[in-house]
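A.B. asks: Below you will find the structure I want to go over with you.
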Amino acid sequence: MEYILIFITAIFVNNIVLSQFLGICPFLGVSQKVNTAIGMSGAVAFVLVLATLVTFLVQTYILNPLGLEYLQTISFILVIASLVQMVEIVLKKAAPALYQALGVFLPLITTNCAVLGVAIAVIQKDYNLVESLVYAFSTALGFGLALIVFAGLREQLAMVKIPKGMQGVAITMVTAGLLSLAFMGFSGVDGGLKLLFGIE
């Protein structure tokens, strides 16, 4: 039941983009078309889960035993940057169209604070390896859900007549704000689930 709670909370209640405001750059930059948003979501999910696994092992078996916890941030950044380079090489060979569509935003996963934020959060929350992976996967799903829904809304907005003063960035920010408010409707769900399943 603990895993279900982590899963639901990470996707809806504490959505990485709409509640914690991490990963805003790809959220705003790659959300103009649903196809590109789906590709970006997949790439971020892969990097997020893999980065969480590797950084957890680095923290547990290298930094903690050697008393080098103060090197956490720099070592995590190096791990994430390496993984993104690997994903970029694989996408370039396996899916050139998706690689072209993502463009400059693929290397930006390196600086996507959502990936680093999740890697650090699992250490701070004192999760074990399985809980860490469930949290990372759930967070990736939440990121993908927010990104794809937002991309769908932006595609619909492109087909309607918007007043001149609201075009461009203005309507994008208003839409993002309304989507964030919609996700706030899930706040308190985690408390209800804890009560239902008798989790402390």
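A.B. asks: Restricting the search to region 18-39, which residues are more than 17 Å from Val189 (Cα to Cα), outside any helix (DSSP H, G or I) and not basic (Lys, Arg)?
C.D. replies: Restricting attention to region 18-39, the residues satisfying the condition of being more than 17 Å from Val189 (Cα to Cα) are 21-39.
Those left that are additionally outside any helix (DSSP H, G or I): 21-23, 30-33.
The answer is Phe21, Leu22, Gly23, Val30, Ser31, Gln32.
A.B. asks: Turning to a different aspect of this structure: Considering each residue of region 126-143, count those that are in a helix (DSSP H, G or I) and more than 17 Å from Val54 (Cβ to Cβ), and give that number. Don't jump to the end; show me each part of the working.
C.D. replies: Here is the first cut: in region 126-143, the residues in a helix (DSSP H, G or I) are 129-143.
Next, from what is left, pick out any that are more than 17 Å from Val54 (Cβ to Cβ): 138, 141-143.
Here the count works out to 4.
A.B. asks: Would you check if there is a residue in region 27-46 being open to solvent by less than 10 Å² (accessible area, probe 1.4 Å), modelled with pLDDT of 90 or more and under 21 Å from Phe143 (Cα atoms)?
C.D. replies: For region 27-46, residues open to solvent by less than 10 Å² (accessible area, probe 1.4 Å), modelled with pLDDT of 90 or more and under 21 Å from Phe143 (Cα atoms): absent.
A.B. asks: Next question. Just wondering, is there one or more residues in region 119-127 that are open to solvent by 40 Å² or more (accessible area, probe 1.4 Å), modelled with pLDDT under 90 and touching a helix residue (DSSP H, G or I) at 6+ places or on another chain (Cβ under 8 Å)? Even if it seems obvious, please write down each step before you answer.
C.D. replies: Just the residues of region 119-127 that are open to solvent by 40 Å² or more (accessible area, probe 1.4 Å), to begin with: 123-127.
Add one more test, that the residue is modelled with pLDDT under 90, and what stays is none.
Within region 119-127 (the criterion being open to solvent by 40 Å² or more (accessible area, probe 1.4 Å), modelled with pLDDT under 90 and touching a helix residue (DSSP H, G or I) at 6+ places or on another chain (Cβ under 8 Å)), the answer is no, since none of the residues qualifies.
A.B. asks: Condition (residue is within 30 Å of Leu195 (Cα to Cα), under 15 Å from the mean Cα position of the chain (by Cα) and among the small types (Gly, Ala, Ser)) applied to region 51-62: is it met by at least one residue?
C.D. replies: Within region 51-62, none of the residues are within 30 Å of Leu195 (Cα to Cα), under 15 Å from the mean Cα position of the chain (by Cα) and among the small types (Gly, Ala, Ser).
A.B. asks: For region 2-17, indicate whether the set of residues that are outside any helix (DSSP H, G or I), open to solvent by less than 10 Å² (accessible area, probe 1.4 Å) and farther than 21 Å from Phe183 by Cβ is non-empty.
C.D. replies: Quick first cut of region 2-17, residues outside any helix (DSSP H, G or I) only: 14-17.
If we keep only those that are open to solvent by less than 10 Å² (accessible area, probe 1.4 Å) too, we end up with 15-17.
So of that shortlist, the ones also farther than 21 Å from Phe183 by Cβ come out as none.
No: zero hits.
A.B. asks: Confirm whether Glu131 is at pLDDT 85 or above, of a type in the set (D, E, K, R) and farther than 30 Å from Leu78 by Cα.
C.D. replies: Working: at pLDDT 85 or above: yes; of a type in the set (D, E, K, R): yes; farther than 30 Å from Leu78 by Cα: no.
No; evaluated as a whole, the condition is false for this residue.
The values are calculated or read from the model by the stated rules, or taken from the named source; none is laboratory data. What you see is a predicted model; the values in this text were computed from it and never measured. When we count neighbours, we look across all protein chains shown, and the Cβ atoms used for this are built from the backbone with ideal geometry, even at glycine. Just the protein is used for accessible areas: all its heavy atoms, side chains included, with ligands, DNA and RNA removed. Shrake-Rupley method; radii C 1.70, N 1.55, O 1.52, S 1.80 Å.
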